[in-house]
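Worksheet for the structure shown next.
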Amino acid sequence: MFSKMATYLTGELTATSEDYKLLENMNKLTSLKYLEMKDIAINISRNLKDLNQKYAALQPYLEQINLIEEQVAVLEQAAYKLDAYSKKLAKYKKLEKR
(Lines give C-alpha, C1' and ligand atoms only; values in the text may rest on other atoms or scores of the structure.)
Protein backbone atom coordinates (compact mmCIF):
# COMPACT_ATOMS: atom_id res chain seq x y z
CA MET A 1 0.00 0.00 0.00
CA PHE A 2 2.86 2.37 0.81
CA SER A 3 4.48 1.73 -2.55
CA LYS A 4 1.24 2.46 -4.38
CA MET A 5 0.83 5.64 -2.35
CA ALA A 6 4.42 6.61 -3.16
CA THR A 7 3.79 5.93 -6.88
CA TYR A 8 0.63 8.04 -6.74
CA LEU A 9 2.36 10.93 -4.97
CA THR A 10 5.32 10.70 -7.35
CA GLY A 11 2.90 10.92 -10.27
CA GLU A 12 1.14 13.92 -8.74
CA LEU A 13 4.42 15.68 -8.05
CA THR A 14 5.65 14.94 -11.57
CA ALA A 15 2.43 16.33 -13.06
CA THR A 16 2.73 19.44 -10.89
CA SER A 17 6.37 19.83 -11.87
CA GLU A 18 5.45 19.53 -15.56
CA ASP A 19 2.69 22.14 -15.08
CA TYR A 20 5.21 24.55 -13.58
CA LYS A 21 7.63 23.92 -16.46
CA LEU A 22 4.83 24.62 -18.92
CA LEU A 23 3.95 27.83 -17.09
CA GLU A 24 7.61 28.85 -17.10
CA ASN A 25 7.82 28.31 -20.86
CA MET A 26 4.60 30.23 -21.39
CA ASN A 27 5.96 33.09 -19.28
CA LYS A 28 9.17 33.16 -21.32
CA LEU A 29 7.22 33.25 -24.59
CA THR A 30 4.93 35.95 -23.25
CA SER A 31 7.93 37.97 -22.15
CA LEU A 32 9.42 37.70 -25.66
CA LYS A 33 6.13 38.77 -27.22
CA TYR A 34 5.96 41.79 -24.93
CA LEU A 35 9.52 42.73 -25.90
CA GLU A 36 8.53 42.52 -29.58
CA MET A 37 5.46 44.64 -28.90
CA LYS A 38 7.63 47.16 -27.05
CA ASP A 39 9.94 47.43 -30.06
CA ILE A 40 6.96 47.89 -32.37
CA ALA A 41 5.53 50.58 -30.09
CA ILE A 42 8.89 52.38 -30.03
CA ASN A 43 9.04 52.31 -33.84
CA ILE A 44 5.47 53.59 -34.10
CA SER A 45 6.26 56.38 -31.66
CA ARG A 46 9.37 57.35 -33.60
CA ASN A 47 7.46 57.35 -36.90
CA LEU A 48 4.67 59.41 -35.37
CA LYS A 49 7.19 62.00 -34.17
CA ASP A 50 8.69 62.14 -37.67
CA LEU A 51 5.25 62.61 -39.20
CA ASN A 52 4.41 65.35 -36.75
CA GLN A 53 7.65 67.16 -37.60
CA LYS A 54 6.94 66.86 -41.32
CA TYR A 55 3.38 68.11 -40.79
CA ALA A 56 4.71 71.07 -38.79
CA ALA A 57 7.13 71.84 -41.62
CA LEU A 58 4.27 71.72 -44.13
CA GLN A 59 1.92 73.82 -42.01
CA PRO A 60 3.00 77.22 -43.45
CA TYR A 61 2.45 75.88 -46.97
CA LEU A 62 -0.95 74.51 -46.03
CA GLU A 63 -1.91 77.91 -44.63
CA GLN A 64 -0.76 79.54 -47.87
CA ILE A 65 -2.88 77.08 -49.84
CA ASN A 66 -5.92 77.93 -47.72
CA LEU A 67 -5.30 81.64 -48.22
CA ILE A 68 -4.94 81.18 -51.98
CA GLU A 69 -8.13 79.13 -52.02
CA GLU A 70 -10.01 81.92 -50.26
CA GLN A 71 -8.57 84.49 -52.68
CA VAL A 72 -9.56 82.34 -55.66
CA ALA A 73 -13.11 82.13 -54.33
CA VAL A 74 -13.25 85.93 -54.03
CA LEU A 75 -11.75 86.30 -57.53
CA GLU A 76 -14.28 83.81 -58.90
CA GLN A 77 -17.14 85.83 -57.46
CA ALA A 78 -15.66 88.99 -58.99
CA ALA A 79 -15.40 87.22 -62.36
CA TYR A 80 -19.06 86.18 -62.17
CA LYS A 81 -20.08 89.76 -61.37
CA LEU A 82 -17.92 91.08 -64.22
CA ASP A 83 -19.45 88.54 -66.59
CA ALA A 84 -22.96 89.55 -65.58
CA TYR A 85 -22.05 93.22 -65.98
CA SER A 86 -20.53 92.65 -69.43
CA LYS A 87 -23.68 90.82 -70.54
CA LYS A 88 -25.81 93.76 -69.40
CA LEU A 89 -23.44 96.14 -71.15
CA ALA A 90 -23.70 94.12 -74.37
CA LYS A 91 -27.50 94.29 -74.19
CA TYR A 92 -27.27 98.04 -73.62
CA LYS A 93 -25.00 98.47 -76.66
CA LYS A 94 -27.48 96.51 -78.81
CA LEU A 95 -30.29 98.80 -77.65
CA GLU A 96 -28.16 101.87 -78.28
CA LYS A 97 -27.46 100.84 -81.89
CA ARG A 98 -31.16 100.69 -82.72
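The values are calculated or read from the model by the stated rules, or taken from the named source; none is laboratory data. These numbers were taken from a predicted model, which means no experiment stands behind them. A quick note on method: Cβ atoms are made from the backbone with ideal geometry, for glycine too, and the neighbour counts reach across all protein chains shown. All accessible areas refer to the heavy atoms of the entire protein, side chains included, with ligands and DNA or RNA removed. Shrake-Rupley method; radii C 1.70, N 1.55, O 1.52, S 1.80 Å.
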Might you tell me the accessible area per residue for the chain, computed with a 1.4 Å probe and given in Å²?
100
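For the chain, with only Lys/Arg (+1) and Asp/Glu (-1) charged at the beta-carbon, what is the dipole magnitude about the Cα centre, in debye rounded to 20?
Value, rounded to 20: 1300 debye.
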Find which of 1, 73, 11 sits farthest along the positive direction of the dipole of the chain, computed with +1 on the beta-carbon of Lys and Arg, -1 on that of Asp and Glu, about the Cα centre.
73
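Give, to the nearest whole percent, the P(r) tail of the chain beyond 19 angstrom, counting all Cα pairs. Let's see the in-between values first.
Details: 3659 of 4753 pairs.
Every Cα pair in the chain considered, those over 19 Å come to 77 percent.
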Roughly what would the spin-label model give for residue 84 and residue 5, points 7 Å off Cα along C-beta, in nm?
10.8
Using only Cα atoms, find the angle between the long axis of helix 2-97 and the longest principal axis of the chain, and express it within 0 to 90 degrees, rounded to the nearest 10.
0
For residue 49, counting only lysines whose alpha-carbon sits under 17 Å away and dropping same-chain residues fewer than eight positions off, the answer is 38
Modelled FRET efficiency - R0 41 Å, residue 18 with residue 43, Cβ distances, 0.05 increments
0.60
